[in-house]
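A.B. asks: If you scroll down you'll find the structure; I have some questions about it.
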Amino acid sequence: MLQLYSFPQTRGVRVTWACIELDIDYEYNIVNLYKLEHKSPEYKAITPTQKVPAIVDGEVNIAESGAILTYLADKAGKLIPKVNSPLRAKYEEFMFFVLTELEQPLWTQAKHKFALPEDKRIPQAIELGEWEFQKALKVFGTMLGDNQYVLGDEFSVADIVAGHTLSWAQGFEQKIELDNVKEYASRVLTRPALKQARAHEKELKDQIK
């Protein structure tokens, strides 16, 4: 069975969501961030990034949520375009854009709000993150166009990353004013698999002390 190492209400929900969409059984191993378990030698042996999520699938260890979702979808043979196809190239384009341009300003805000040590936080970086996100959001809206999902009419794991990023933006009270993006976010973030993944993670979070 797939081993998932994560912590509730992090990017790890992308993996739990994907596993449900892909019908992949998984075992959720909590890496308690409160107790700094992600800094332990045992977890470092799983991923040198010392971040969550990560998976172990037999002899394969993978970190980074985008890489994990790509691996799982390829293995399952669904919710991802075939390798070497034109649509696969568009998939890669969207994934790289969302992870490097749309998500990163939000992570900048998070780091300077609570993640970094207090003496390393720069208040102006929070405002900069908001400006950068809005700039990237306009590009995302143009790339999305009239599509139901990022690749057209079919849902893919790229929508998990994009949808979760927009959910994160909503949590940070970022304005999402483009009609096509608002409709897209509503469409993706109301999927039953996400509701199920969040419910599972809430149960796990309630067990953590």
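The values are calculated or read from the model by the stated rules, or taken from the named source; none is laboratory data. Just so you know, these numbers come straight off a predicted model, no measurement behind them. Because the Cβ atoms are built from the backbone with ideal geometry, glycine has one as well, and the counts that use them run over all protein chains shown.
A.B. asks: Taking residue 186, is it more than 20 Å from residue 23 (Cα to Cα) and of a type in the set (Ser, Thr, Tyr)?
C.D. replies: In short, yes.
A.B. asks: On to the next question. Output the residues belonging to region 37-52 that are over 17 Å from residue 201 (Cα atoms), hydrophobic (A, V, I, L, M, F, W, C) and either surrounded by 23 or more Cβ atoms within 10 Å (Cβ to Cβ) or touching a residue at least 24 places away in the same chain (Cβ under 8 Å) (or both).
C.D. replies: Within region 37-52, 46 is the sole residue that qualifies.
A.B. asks: Could you check region 37-52 and list, in sequence order, the residues that are hydrophobic (A, V, I, L, M, F, W, C), in contact with a strand residue (DSSP E or B) (Cβ under 8 Å, 6 or more places away or on another chain) and assigned to a helix (DSSP H, G or I)?
C.D. replies: 46
A.B. asks: While we're on this one: Could you list, in sequence order, all residues of region 150-209 that are closer than 22 Å to residue 131 by Cβ, part of a helix (DSSP H, G or I) and either among the acidic types (Asp, Glu) or at pLDDT below 95 (or both)?
C.D. replies: 171, 179
A.B. asks: When you go through 93, 101 one by one, which is the residue that is assigned by TED's automatic domain parsing to the domain that holds residue 152 and under 15 Å from the mean Cα position of the chain (by Cα)?
C.D. replies: Numbers: 93 fails: under 15 Å from the mean Cα position of the chain (by Cα).
After applying the criteria, what remains is 101.
A.B. asks: With respect to residue 55, is the statement that it is surrounded by 12 or more Cβ atoms within 10 Å (Cβ to Cβ), in contact with a strand residue (DSSP E or B) (Cβ under 9 Å, 6 or more places away or on another chain) and among the β-branched types (Val, Ile, Thr) true?
C.D. replies: Yes; evaluated as a whole, the condition is true for this residue.
A.B. asks: Something else now. Can you tell me which condition residue 136 does not meet? The list is (1) outside any helix (DSSP H, G or I); (2) assigned by TED's automatic domain parsing to the domain that holds residue 181, and all the others hold.
C.D. replies: Here residue 136 clears every test but (1).
A.B. asks: Just one of the numbered conditions (1) modelled with pLDDT of 95 or more; (2) in contact with a Leu (Cβ under 9 Å, 6 or more places away or on another chain) is not true of residue 146; which one?
C.D. replies: (2)
A.B. asks: For region 1-36, name all the residues that are among the basic types (Lys, Arg), touching a residue at least 40 places away in the same chain (Cβ under 8 Å) and assigned to a loop (DSSP other than H, G, I, E, B).
C.D. replies: 11 - this is the single residue of region 1-36 that is among the basic types (Lys, Arg), touching a residue at least 40 places away in the same chain (Cβ under 8 Å) and assigned to a loop (DSSP other than H, G, I, E, B).
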